1. Quick one: net charge of R148's neighbours, Cβ under 14 Å, K/R +1, D/E -1?
2. Taking the Cα centre of the stretch 3-179 as origin, sum charge times position over the Cβ atoms of Lys and Arg (+1) and Asp and Glu (-1), and report the length of that vector in debye to the nearest 20.
3. List the GluC sites (Glu not before Pro) within the stretch 53-141 that fall in a DSSP loop (any state other than H, G, I, E or B) and whose Cβ has at most 11 other Cβ atoms within 10 Å.
4. Can you tell me the equivalent ellipsoid semi-axes for the stretch 86-220? Use √(5λ) from the Cα gyration tensor, largest first, whole Å.
5. Under 17 Å from a point 7 Å along the Cα-to-Cβ line of D150: which residues of the stretch 97-124 have their amide N that close?
6. Taking the Cβ of A93 as the centre, find all other residues whose Cβ is under 11 Å away and add up their charges (Lys, Arg: +1; Asp, Glu: -1).
7. Label-point separation (nm) for M130 and T193, each offset 7 Å from Cα along Cα-to-Cβ?
8. Could you bin all the Cα-Cα distances of the stretch 3-179 into 10 Å bins starting at 0 and give me the percent of pairs in each, rounded to whole numbers?
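Values in this text are rule-based calculations from the coordinates and carry no lab data. Owing to the predicted nature of the structure, the values given are computational and were not obtained by experimental measurement. Every residue, glycine as well, gets a Cβ built from its backbone with ideal geometry; the counts of neighbours run over all protein chains shown.
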Amino acid sequence: MDDREYLPLSWLSQAEYCLRRAALLLNERIWMENEETAKGRFEHSRVHDRRVERRGDSLKLYEYTVFSKSLGIWGKCDCIEAGRCAQGCRIKAAEFPVELYPIEYKHGSVREERSYLLQLCAQAMCLEEMFHTKIPAGALFFISAHRRLDVSFDDQLRKDVTAQAAALRKLWDEQSIPPAEYGPKCKRCSIQTYCMPKTRSSAKEYCKKLAKEAMEVETV
Ligand code: SF4
């Protein structure tokens, strides 16, 4: 697979939230900020600083780029804890074998959203492929609440990551946009005005339809 075709890992969580949202972001390249997304980006920007911290036999790698050829995705881990472990893997930053433990930073109240779990598990699966290791667990860290939530990467979560990566790939390959399904999730969606979920077509699709109708009128 060509490097340029790797899809952003963070969009797995967009796909979990709403497949149409993921398709609009991916295929129509739109992004609209709302209060939720702006707050999230601000809190995230404070922790986004690529560096390695060492303390004895443990390291913390911040802003670490990961990818998976088999899943066709790439992204960044906010933080990876790497502690000495005889059965662990070798990474460049450590002179000894380490066990890896990815941590994803989140804003807002402490909650175990499926989309968060998918994103974190996808990071772990990328690391497993890159370093030929096993990563059984990671954590979500809620910045404002200063709370850490441990997450176990079970078989079902791994299957869901693989399925969402395949769904994203299909949307991308076909350049398709699924129809809108209006629901409670739309109220919090930053691209609602673009998506127009009650009309079931996006602004771009709607303009295309109007242009087509205009052409038909001209040719009558
Ligand atoms: S407005 Fe609703 S249907 Fe449209 S992208 Fe957002 S969540 Fe999906």
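1. On the way: positive: K60, K106, R111, R147; negative: D78, E81, E104, E112, D150.
That sum, taken over residues with Cβ under 14 Å, equals -1.
2. Details: 27 positive and 27 negative charges, 56 e Å.
About 260 debye.
3. Working: sites: E53, E63, E81, E95, E99, E104, E112, E113, E128, E129; in loops: E95, E112, E113.
Answer by residue number: E95, E112.
4. On the way: eigenvalues 359, 76, 29 Å².
Rounded to whole Å, the semi-axes are 42, 20, 12.
5. 99-104, 112, 121
6. Working: positive: R51, R54, K60, R90, K92; negative: E53, E95.
In short, +3.
7. 3.8 nm
8. P(r) for the stretch 3-179, in whole percents per bin: 10, 37, 37, 15, 2, 0.
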